[in-house]
Amino acid sequence: MIEFGSIVNGKQVKSGNWIDVYNPYTNKKVGRVSSIDTKTLDKVLTDTRNTKITLTRYERYDILNKIANALEDRVDEVSKMITDETGLCLKDTRYEASRVSDVLRFSAMKTLDDDSEVFPCDVSKNGKPRRIYTTRVPLGLISCITPFNHPMNQVVHKIAPAIATNNTVVLKPSEKTPLSAYYFAQLALDCGLPPNMLNVINGADVQAIAEMMTIHPDITMVSFTGGSKVGKIIASKAGYKKIVLELGGSSALLVLEDANIDEAVEVTMSGTFKNSAQRCTAIRRILVHEDIADIYASKLANRVKALKYGDPYDSENDMGTVITEEAAIEMETRVQNAIDNGAVLLVGHKRDGALYSPTVLDHVDNAHEVVAKETFGPVAPIIRFKTLDEAIEIANDTPYGLSGGVVSNHWPSIQRVITELDTGTVNVNEAPSYRLEWTPFGGVKDSGLGYKEGVIETMKGYTYVKTYSLPWD
Ligand code: NAD
């Protein structure tokens, strides 16, 4: 059992009230974090806001690399802790730990860059012998709210760029999986992060704490990753604050008539089931041309049958649990509804507590609830199509607009898919989720407002551009 106090001003503060954390596979308590009330949070936010951070670029670079080194020395401990709180298998959580290192190292590298610009002013008849310069200024206090599904990576995607830009953060990680966020913050302090640059809190009264993290006057920006429903609540309440929302998704993979079927199956496997399919960019709909759908479906079903799932602590397993038994019951119900309404079950659809087996459904209709809503678990629904027009129409027939993918070697069709999918990302012959930690990432429609994350864009988002001008003959 691991225990953390709230991380405030460089120390762990224990209120005496706790939020307990359970492993979804064993149902055993694996840890707890201190719960704070809104009165305490009010002071934490103001004190954090009043702390000015003036680390040099080299100092920020050095701290970020020290944290990365420390994490890399502790991969076994970190991945086991993420498995404890999520039920994700060790293969997935070791991968998450390595992604976290990338985020830290990319942030360290970008800290050293100066993206200032210089504009000569003697370039028009209205000009003068002057030069205008730009410099980036930290926004101030950033309120970060994160979801359960990548409990350390999503946190570090918000924190590392804040360290890289001398901002201060108060973080509220998911109450379901808070442990790795507190662990990270303590490690960062041990690696020399100044007190109050990163404070981490949680509260048993989630709604009251979350609301204060959205509306408090000392907050300059709210950076949220989570479901679209909560994202829209934040958008309606944040008022005159900058907001970045990274929300839900319903990624389509389009498998076109000319696709190499083995390649399409490979892309589907890598894009669907990792992280128990609890990724915002996971493939939620596989649109397959009717001429190749039978053979594709049978090859996919064979691959999925061979997936090993179960005990998340067994390092041979490919998949552990989803986050809770209730979540597993919800996906089981949606799959059953689809079957009752004409879909054909090829593999899976077995549940034991929070374990839900990797499932393949064929002949799904885009109106079935299992695809019309974001089903956040290991379900691969095949929707058959006749023409590319129809495939693009189905792919866009969703409230979400996060990512998409296409498997084909026919360039005119590929170009149409890239141009016509209403999504933030389109990957060709690759899973919709593919990216590097520093490349721009984010969605449109109900998946987000079009602002991007990824280390480079987040660093831009956490700063404003100040211009100044100087006389220059
Ligand atoms: P969630 O929206 O239920 O919770 C996310 C966070 O919001 C938690 O910390 C929660 O405590 C907090 N919260 C709850 N009520 C709130 C309120 N009224 N105001 C402010 N914050 C509040 O999401 P979840 O179930 O933890 O995560 C899964 C969802 O996150 C999925 O929809 C997934 O697609 C999405 N997600 C999106 C991305 C992305 O980058 N686009 C990445 C990962 C996950």
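The values are calculated or read from the model by the stated rules, or taken from the named source; none is laboratory data. Just so we're clear, the structure is a prediction, and the values are computed from it rather than from any experiment. We place every Cβ from the backbone using ideal geometry, glycine too, and count neighbours over all the protein chains shown. Calculation scope for accessible area: heavy atoms of the full protein, side chains included, ligands and nucleic acids excluded. Shrake-Rupley method; radii C 1.70, N 1.55, O 1.52, S 1.80 Å.
Details
- Selection status of residue 174, out of contact with any helix residue (DSSP H, G or I) (no Cβ under 9 Å at 6 or more places or on another chain), within 11 Å of the ligand (Cβ to nearest atom), in contact (Cβ under 8 Å) with a residue 24 or more places away in the chain and among the hydroxyl-bearing types (Ser, Thr, Tyr): no
- Filtering 446, 473 for residues that are open to solvent by 20 Å² or more (accessible area, probe 1.4 Å) and at pLDDT below 95 leaves a single hit, 473.
- All conditions but one from (1) of a type outside the set (Val, Ile, Thr); (2) touching a helix residue (DSSP H, G or I) at 6+ places or on another chain (Cβ under 8 Å); (3) crowded, with 24+ Cβ neighbours inside 10 Å; (4) in a helix (DSSP H, G or I) apply to residue 106; the one that does not is (3).
- Residue in the range 235-248 that is buried (at least 23 other Cβ atoms within 10 Å of the Cβ) and of a type in the set (Phe, Trp, Tyr) present: no
- Some residue of the range 355-376 being among the basic types (Lys, Arg), within 23 Å of the chain's Cα centre (by Cα) and modelled with pLDDT of 95 or more: yes
- Qualifying residue in the range 126-148 (condition: touching a Gly at 6+ places or on another chain (Cβ under 9 Å) and part of a helix (DSSP H, G or I)): no
- Checking each residue in the range 415-473 for being closer than 18 Å to residue 150 by Cβ, in contact with a strand residue (DSSP E or B) (Cβ under 7 Å, 6 or more places away or on another chain) and hydroxyl-bearing (Ser, Thr, Tyr) picks out 425, 433, 434, 447.
- Of the residues making up the range 84-101, one or more are within 16 Å of residue 162 (Cα to Cα) and part of a helix (DSSP H, G or I).
- Here is the figure for the range 175-192: residues that are outside any helix (DSSP H, G or I), open to solvent by less than 10 Å² (accessible area, probe 1.4 Å) and either in contact with a Gly (Cβ under 9 Å, 6 or more places away or on another chain) or modelled with pLDDT under 95 (or both) total 1.
- Flag if residue 146 is on the phi < 0 side of the Ramachandran plot, within 16 Å of the ligand (Cβ to nearest atom) and touching a Lys or Arg at 6+ places or on another chain (Cβ under 7 Å): yes
- Output for the range 63-80, where each listed residue is under 12 Å from residue 312 (Cα atoms) and open to solvent by 10 Å² or more (accessible area, probe 1.4 Å): 80
- No other residue among 419, 439, 387 is modelled with pLDDT of 95 or more and under 18 Å from the mean Cα position of the chain (by Cα) apart from 439.
- Count of residues meeting criterion [assigned to a helix (DSSP H, G or I), touching a residue at least 60 places away in the same chain (Cβ under 8 Å) and hydrophobic (A, V, I, L, M, F, W, C)] in the range 156-171: 4
- Scanning the range 32-62 for residues that are touching a residue at least 24 places away in the same chain (Cβ under 8 Å) and of a type in the set (Val, Ile, Thr) yields 33, 36, 38, 40, 44, 46, 48, 51, 53, 54.
- Boolean, residue 310 is in contact (Cβ under 8 Å) with a residue 40 or more places away in the chain, open to solvent by less than 70 Å² (accessible area, probe 1.4 Å) and at positive phi: yes
- Screening the candidates 452, 460 for the property of being touching a residue at least 40 places away in the same chain (Cβ under 8 Å) and of a type in the set (Lys, Arg) yields one hit, 460.
- Residue match in the range 142-164 (condition: of a type in the set (Phe, Trp, Tyr), open to solvent by 30 Å² or more (accessible area, probe 1.4 Å) and closer than 26 Å to residue 280 by Cβ): yes
- Within the range 325-411, helices (runs of 4 or more DSSP H) holding 3 or more residues that are of a type in the set (Val, Ile, Thr) and either open to solvent by 20 Å² or more (accessible area, probe 1.4 Å) or touching a residue at least 12 places away in the same chain (Cβ under 8 Å) (or both): 325-340
- Extreme residue, least open to solvent (accessible area, probe 1.4 Å), among residues of the range 209-218 that are in contact with a helix residue (DSSP H, G or I) (Cβ under 7 Å, 6 or more places away or on another chain) and part of a loop (DSSP other than H, G, I, E, B): 216
- Filter pass, residue 469 being more than 16 Å from the ligand (Cβ to nearest atom) and part of a helix (DSSP H, G or I): no
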